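The values are calculated or read from the model by the stated rules, or taken from the named source; none is laboratory data. These numbers come from a predicted model, not from an experiment. Every residue, glycine among them, receives a Cβ derived from its backbone with ideal geometry; neighbour counts consider all protein chains shown. When the accessible area is computed, the model is the full protein with side chains, heavy atoms only, and any ligands, DNA or RNA have been set aside. Shrake-Rupley method; radii C 1.70, N 1.55, O 1.52, S 1.80 Å.
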Amino acid sequence: MSNYFDALSVLILFSSFILMANKRIKSYIKTFRIQSLLIALAAGIMGIKGSFEEGRIDILVVCLLIVVLKVIFIPNLLNKTYANIEYKVEKDFILNIPILILMCCALVVFTYFSLSTIDGINAGIINTQVVNSVSVILIGLLFMISRKKAIGQIVGFLVIENGLYITALFSTHGMPFIVDVGIFIDVITAVMILGFMVFRINEKFESIDIDKLNNLRG
Amino acid sequence: MKIFSASALFQTSILLYLLAAIAALVFIKQQKWDNIISNIICIIAAIFGIAASLMKILVEDMPINISIFHSTIPFISVELRIDHLSAFFVLSLSLLVVCVSLYSIGYISHYIGKRKVGLFNFLYSAFILSMFLVMTSGNAVFFLLTWEAMSLLSYFLVVFESEHEENQAAGTLYIIMTHVGTAFLMVGFMMMYSYTQSFDMFGSSADIPILAKNAMFIMFLIGFGTKAGVIPFHIWLPCAHPAAPSNVSALMSGIMIKTAIYGMLRFIFTYLGVQSTWWGALIIVLGIFSSTLGVSYAFVMANIKKLLAYSSIENIGIIFIGLGIGFIAQAQGHLTVSALAIIASLFHSFNHTLFKGSLFLGAGSIQYATHTKNMEELGGLIKKMPLTALFVLGGALSAASIVPFNGFIGEWLTYQSLFANIVPGQAALNILSILSVAVLAMTGAMAAASFVKLFGISFLGLPRSEQALQAKEVPCVMNIGTGILVTLCLFIGLFPLPILKVVDKVVLNLMGTSLIGQLQGGLLIAYYPLQISGNVISPLLFFVVLVAVILFALLVIRIIGGKYSERKYGTWDCGFEALNSRMQYSAAGFSNPIEIVFKILFRPSRKLKVEGKLAYHPESIEYTTVWESIFEKHLYNPIFYVIKMLSRRTKFIIQTGSIHSYLLYIFVVVLVLMMYNTFV
């Protein structure tokens, strides 16, 4: 069973690499959809395992929630938001894509060394699943830094959230149901507010380039 | 639990204060009843407080522990611990509260219908309760919490008449300064915790290295010094005390600044223990500055409450001198001298509570009757408000430390301890002591002059304004409140021994040295402190002799001069039409000579504005003096400037407004934390 999880965690990590290499906003959303699908898959496997072994089905419900929210609802919302604002082809990233990818590799290595010292997570061998998922968090943060457009920040935020969720899932094998639901509600609220803010930013500055927010400071 | 134990009485008192605060909110609609009910509950609570603290000091020897609740959150537990020192300060507080609450029943009545009386009474009772808890709290965290509550509540009371801009400014300055002080206290408490792993302020400080103790001493000195209003941390005091309603000023000046003295005794003197002589020397130096500068500023003020506020700084200075001597003597092992000095400062702080309370209440009465605090608009009040005049005179005599009032006894004991501290073989300290004696003498003279000004300008002569002319005597309850305080001042001045015995028990409990045997003489009225011969004084005897001399003089005049007839007639007016109020001495004129002598201190800039067509026949002349406040200009303004510059620069360097750089900060911090986890 652990093989599946190892493979899935690597795939999730890989999807965040792909995200980092994306150049267009449409493709960010697509990659995010794929990453969420992978997470749903991991939760689904864990849910099936849980329902067979312990008879609890809450992880399956969570899996369903992930599919509904992160695979269908949020990406559609983002697509709609993006369609409503003026479309301009611009260079969206601050650093080169190859440099960013190299930085992501460095982050993974760094996470590996950092997590290798924590007792409790590692039983004898280093827990690759947790290393991969923590790397996803850091890559999400790096993604937020490297993108100029506000949608990039939203996707980055969602990736961080994905990373946190998958870290929790892999290290606990199923959190209490109420915690999961709480997280989802937070994410929906955040995305809705952020989507709304993007509209406003676009209205005010006629662009969603967040560099233009500099003159807002006091 | 016994019903009549001190512990039960203390708890009743606390509950009654709570009840007063709640009652103030419940009856918020009926302002008149709200005021009466809430104040009467406060009075009852205070009477319980007096009984409890006296019982604690005189009868029970073991500290009282009251644990109200323990929470599972570390360090957050409400526990009280009352030993003799706490009880003594509670005694001062309760005595003052009885009188001030009586006074408030009348004083607050002029707010009815204009302001939120219920809210005021709630804040007032809560403020008293917070001071009560500061004095009785059993651990450092709870102490800090109540200390903050006290600061915040007093802030709200200071800005209660918030429509005046100067009150808002005063409140802001006050809250900033008091928080700076609290910040220093917090650092001190954190150091305490980091060395001893506990916030128990009654525990041992043996684990703290001497260097850390020195640092903690500085922290506590600045923290408590700010609350005490000792120069140079005083700048809030002359602004905040006049801004508050007078009953609150009486509480703030009378007892709130004493909580700092309590803190110093509790945390420095007993917890840390006196480690080096320079601690005491530093305290004395602060005391010298406060008393001289405070009284010289007091002298030139034309605002009655500002004058009183500066006089509080002076008295805190005197208390600090006493404390300093206590610290020095303790460090050198002269236990009796130390005990005498601590008795002196405790006694003086008790006396100051009484007389400064009565003076602020008196100032409040003047304000109540005339709606002004400016002496230049008063005058002739002795005819309109004879009782208030009598009480202010009593308070003023006490504040000027004149026999037979209590202010004298405290200062006299301070002198005694200063003299006793002069021993051969320690040149520098002796010079400091001698200097302090000189300073005290000068302070006494200047204080007398200030209060001559206060009384003479406000109460004597002719009214200087319409309001002063229309003044009427204030309601009876207000005079009762002030009167009790002044009577106590006189009583303690004549018979100091009962209170001295109480103070002596406190000091015995604090330091293990009792002096009462040496302080009391034949007829319970003479002192023989420390076997210094010739320093025997008996205020009662003084008083009796004074009365006898005056009677004798009158008798002699009568015998020599024979019978004389009395006729009432206007004063000879040099041929003018009539004498008017503009021809008398003004407050500014009274203090002008001193102002010129101490030019270096006040840096006055005078403006003379003459209006009229002909220079030799002016229609109006306006004379204004502006004093430069040296501390604000040369100490605080540079600090503010530096802070402002630094924050401006940080704003430009760190707070760039770019979301990317903010995200980058988060990213870097996360990485650094992970790195820390890996390599440390």
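Grouping the Cα pair distances of the stretch A:1-67 into 10 Å bins from zero gives a pair-distance distribution of 22, 42, 26, 9, 1 percent in increasing distance order. Accessible surface calculations at 1.4 Å, restricted to protein heavy atoms, place chain A at 48 Å² per residue.
Apply 1/(1 + (r/R0)^6) to the Cβ-Cβ distance of A:Val179 and A:Asn76, taking R0 = 30 Å, and write down the FRET efficiency to the nearest 0.05.
Calculated transfer efficiency: 0.70.
Do the sum for chain B: with -39,500 (n - 2.57) for every DSSP H run of n ≥ 4, divided by all residues, what is the mean residue ellipticity at 222 nm, to the nearest 500 deg cm²/dmol?
That calculation yields -22500 deg cm²/dmol at 222 nm.
The alpha-carbon atoms of the protein assembly as shown, seen along their principal axes, cover 124, 75, 59 angstrom, with the largest extent given first. Close amide H pairs (under 5 Å, H built 1.01 Å from N) link A:Ile118 with no residue at least 5 positions away or on another chain. With R₀ fixed at 51 Å, the C-beta to C-beta distance from A:Arg200 to B:Tyr676 puts the FRET efficiency at about 0.85. For the stretch A:2-216, the ratio of Cα radius of gyration to the globular rule of thumb 2.2 N^0.38 Å stands at 1.05. Accessible surface area normalised per residue over the stretch B:284-437 is 23 Å², counting heavy atoms of protein chains with a 1.4 Å rolling probe.
Looking at chain A, do any whole DSSP H helices span at least 20 angstrom along their long axis by alpha carbon and average 0.0 or above on Kyte-Doolittle, and which?
Span-like helices in chain A: A:2-21, A:25-53, A:97-116, A:128-146, A:150-172, A:177-205.
Once the C-beta distance of A:Met1 and B:Leu15 is scaled by a Förster radius of 60 Å, the resulting FRET efficiency is 0.40 to the nearest 0.05.
Kirkwood analysis of the stretch B:583-626, using all unique Cα-Cα pairs, places the hydrodynamic radius at 12.0 Å. Averaged over peptide B:656-666, the number of partner chain Cβ atoms lying within 10 Å of each residue's Cβ comes to 5.
Modelled this way, with points 7 Å down the Cα-to-C-beta line, the labels at B:Leu58 and B:Leu546 are 2.7 nm from one another. Residues of the stretch A:127-145 that lose at least 40 Å² of accessible area (1.4 Å probe, protein heavy atoms only) when the other protein chains are present, relative to their chain alone, are A:Leu138, A:Leu141, A:Ile145. Comparing Cα centroids, the stretch A:134-206 and the stretch B:1-32 end up 53 angstrom apart.
According to the Kirkwood expression over distinct Cα-Cα pairs, how big is the hydrodynamic radius of chain B, in Å? Don't skip to the answer; put the middle values down first.
Details: mean 1/r = 0.0373 Å⁻¹.
One decimal place: 26.8 Å for the Kirkwood radius.
Per-residue extension of 0.36 nm, minus the Cα-Cα distance of B:Glu165 and B:Leu614, leaves a gain of 157.8 nm for this segment. Per-residue Karplus couplings for the stretch B:572-581, computed as 6.51 cos²θ - 1.76 cosθ + 1.60 with θ equal to phi - 60°, are listed in order as 4, 10, 6, x, 5, 5, 8, 7, 10, 5 Hz, Gly and Pro entered as x. Using a 1.4 Å probe over protein heavy atoms, the accessible area lost on pairing A with B, summed over both chains, comes to approximately 1800 Å².
Which percent of the accessible heavy-atom area of the protein assembly as shown goes to carbon and sulfur, probe 1.4 angstrom?
70 percent
Identify the GluC sites (Glu not before Pro) of the stretch B:603-662 meeting these criteria: DSSP loop state and at most 16 other C-beta atoms within 10 Å of the C-beta.
Counting only loop positions with at most 16 other Cβ atoms within 10 Å, the GluC sites (Glu not before Pro) in the stretch B:603-662 are B:Glu619, B:Glu628.
For the stretch A:27-87, the list of GluC sites (Glu not before Pro) that fall in a loop by DSSP and count at most 16 other C-beta atoms within 10 angstrom reads A:Glu54, A:Glu86. When you filter the trypsin sites (Lys or Arg not before Pro) in the stretch A:1-49 for DSSP loop state and at most 16 other Cβ atoms inside 10 Å of their Cβ, you are left with A:Lys23, A:Arg24. Among B:77-88, B:502-513, B:594-605, sorting by the average number of other beta carbon atoms lying within 10 angstrom of each residue, highest first, gives B:77-88, B:502-513, B:594-605.
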